[in-house]
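A quick write-up on the structure given underneath.
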Amino acid sequence: MTEEILKRAPGESAGAGESANPAAAGTGGASAPDAGSQRERPSPPGLVAIQGGKVVVQLPSPDSPRPSITPGAYVVVEVNGTQIHETTTIDVDDDVAIRALPEEPVLDIRIEVPKSAEEAVAHVVRRAGTAHEVKDAPFAPHVTVAVRPVGTIPPPELTAEAVKKALADAGVVFGIDEAAIEQMIARPEADFHAVVARAKPPTPPVDSHAKPTVKEETVAEVQLDEPHRVDLLYRGEIFSVQEGEVVAEWVDAQPGVDGTDVLGRPIPAKKPKVRALKLGSGARRAEGSKYIVAARTGRPVVKETFVDVVPSYEVPADVNVATGHIDFAGDVTVRRNVEESLKVRAGGSVIIGGMVFRKARVEAGGSVRVRGVVGGSISAGGNTAVYGPLIEGLGRLAPLVQKAAENLRRVEEASRATGKAFQIGVVFKALLERHFAEAQKVAQSTGAFLAQHKDEFEMDLVARIATALRILVGRGPLLVKSFDEIEAALEELRLIPAELEARIAEADVIVEYLQNAEIACGGKVQLVGKACYNSKVIARKGFEAPAATIRGGSITVTHGSVVAREIGSPSAVVTEIAVPEDGSIKADVIHPNVRCIVGHRQYRFEITRRRVVLHLDRETGELRF
């Protein structure tokens with residue numbers, strides 16, 4: 001029978017009653033088994049256990065296989081003073097010591113610096129640790145020493161000194177952000193990152209360039225389109241400069257200043273671009289100066305090294321309530337339409353790719369090119385819309401008054417020959433009413449137009465025109481006391497149109513289609529389309545519509561002729577054409593009820609005529625076809 005053998009201290013002898021030879025022990029004097037029997041029965045294995053943090057070994061017999069022990073996680077196992085790291089057999093005489101290790105708390109500060117070294121980022125990881133004790137294990141041939149948690153170990157405190165040490169270890173020496181570090185320390189999160197250092201970027205160089213000296217501003221003054229009614233579509237005149245005004249300053253190239261990265265290394269500044277100034281035709285550099293001035297009136301363009309003053313402004317789509325009225329000192333281009341009630345005012349020429357619609361108005365100091373006008377109005381060459389009707393009215397009056405004065409002198413001569421009394425005012429009034437009613441009618445309409453637009457003329461000019469017209473209307477003829485008064489009025493009727501014409505620039509209007517339109521220009525109207533319906537046109541230099549029909553409305557030319565394919569209509573629509581004495585009216589077809597005026601002569605067509613060229617005979621002064 002096998003006895004349990006316990007681990008003893010070295011040198012301890014067997015106790016009383018124990019046999020020194022366990023194999024010889026027996027009961028009742030029985031003999032021991034033979035050697036063959038012992039080989040057939042192997043000895044039971046040795047056992048090991050963990051009890052109260054100590055290792056206990058049991059060997060059932062000296063021949064028993066020795067037990068083994070393996071260190072687990074967070075455990076230190078020493079056998080006879082040597083730490084083991086793998087499975088090891090032990091004997092009862094071995095000195096085996098074990099102890100538990102804690103899971104250490106973590107405070108990790110990792111500094112990340114990118115290749116550019118433009119900043120340094122601190123990555124912080126904080127983890128609590130765990131305290132352990134060795135766990136008991138029952139007897140077994142093999143035991144793995146294990147632990148169990150018995151408490152928590154807090155992580156070390158995050159301090160500014162720790163962060164700065166981590167920065168120093170990473171080579172970060174510049175741009176350290178003390179405030180960012182203080183904010184880091186106060187953060188409760190376990191894992192986070194923060195930028196704790198920043199490089200000082202280099203100061204960029206200044207490339208040579210043109211710097212604008214004028215700021216584009218549109219100041220909209222309140223405008224009234226009717227008494228006491230604010231025109232909300234008026235946004236102010238589009239910014240422009242006058243000739244000679246400084247528009248830009250040339251700035252020479254200037255070097256930049258190096259920066260410093262977080263590792264303390266210099267960051268080189270870029271080199272400036274040394275470039276030459278380029279000037280458009282609308283700008284020039286003041287001699288010996290860094291300033292660029294406008295060589296003409298227009299809109300300044302300053303881009304990098306280029307300076308110009310362009311005399312044009314472009315509207316890429318419609319002129320509508322979104323754009324408001326357009327008011328510019330130079331040329332204007334509208335890619336599409338001018339919508340209802342909108343205005344385009346330009347000191348130069350105007351090009352409109354679409355239509356000018358009802359109540360829309362275009363005023364240009366230069367020529368106008370437009371696809372069509374339906375219910376809108378065009379004025380080209382200055383204030384032609386105002387000057388034109390006055391020039392036309394006063395121009396028509398001058399020959400009529402001259403003719404009336406000649407008749408009046410004949411009446412005076414006849415009265416003197418017969419000895420009859422001659423009262424010039426009474427006779428002049430009667431003569432006008434009986435034979436020159438047209439003169440009175442034109443004088444009345446011209447006076448009404450002047451009264452409507454008197455604010456657009458100088459007071460002296462208004463007074464001169466009113467005085468000249470006074471002898472023709474109302475009781476004015478009766479107040480005439482002498483021929484000198486009539487001659488003085490006649491002289492004004494000749495001079496004033498010439499003065500007004502001098503104010504009008506020779507500007508053409510080129511249009512494809514007119515309907516219910518009003519056109520006034522200081523040059524020629526060229527109708528390149530097919531029709532002009534119910535429109536009023538005043539042209540200083542002529543009206544050309546060789547492929548078009550003029551139907552309804554009126555065409556008045558103060559210098560030049562009218563050319564059309566067809567005038568009027570078979571249904572006898574009233575149409576009026578007027579040209580000066582040296583002008584002509586030419587048409588392939590002229591229909592009934594068309595009134596043609598050449599100088600002081602007029603003719604109303606009663607029947608349709610073809611291939612008509614109407615003009616005054618230079619010798620007789622009579623109308624000729």
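Nothing in this text is a laboratory measurement; each read-out follows from the coordinates by a stated rule. Quick caveat: nothing in here was measured; it's all calculated off a predicted structure. When we count neighbours, we look across all protein chains shown, and the Cβ atoms used for this are built from the backbone with ideal geometry, even at glycine.
For this structure, a couple of remarks:
- What separates the Cα centres of region 138-171 and region 489-515 is a distance of 102 Å.
- Check: the chain dipole with +1 on Lys, Arg Cβ and -1 on Asp, Glu Cβ, in debye: 4760 debye
- Rounded to the nearest 10 degrees, the inclination of helix 437-452 to the longest alpha-carbon principal axis of the chain is 30 degrees.
- Taking one quarter of the surface of the convex hull spanned by the alpha-carbon atoms of region 63-157 gives a direction-averaged projected area of 9.4 nm².
- Using only alpha carbons, the chain has a radius of gyration to Kirkwood radius ratio (Rg to Rh) of 1.58.
- Whether region 499-625 is rounded, prolate or oblate, judged on the alpha carbon gyration tensor where a/c under 1.5 counts as rounded: oblate
- Between the Cα long axis of helix 483-502 and the first principal axis of the chain there is an angle of about 30°, rounded to the nearest 10.
- With contributions of -39500 (n - 2.57) from each DSSP H run of at least four residues, the per-residue ellipticity at 222 nm computed over the chain stands at -6000 deg cm²/dmol.
- When peptides 297-304, 515-522, 281-288 are ranked by their average number of other Cβ atoms within 10 Å per residue, the highest-first order is 515-522, 297-304, 281-288.
- Region 436-470-region 317-371 distance, computed between alpha-carbon centres (Å): 30 Å
- For the chain, the relative contact order comes to 6 percent (Cα pairs under 8 Å, sequence separation of at least 6).
- Residue (of GLY244, VAL257, VAL344) at the positive-pole extreme of the chain, dipole from beta-carbon charges: VAL344
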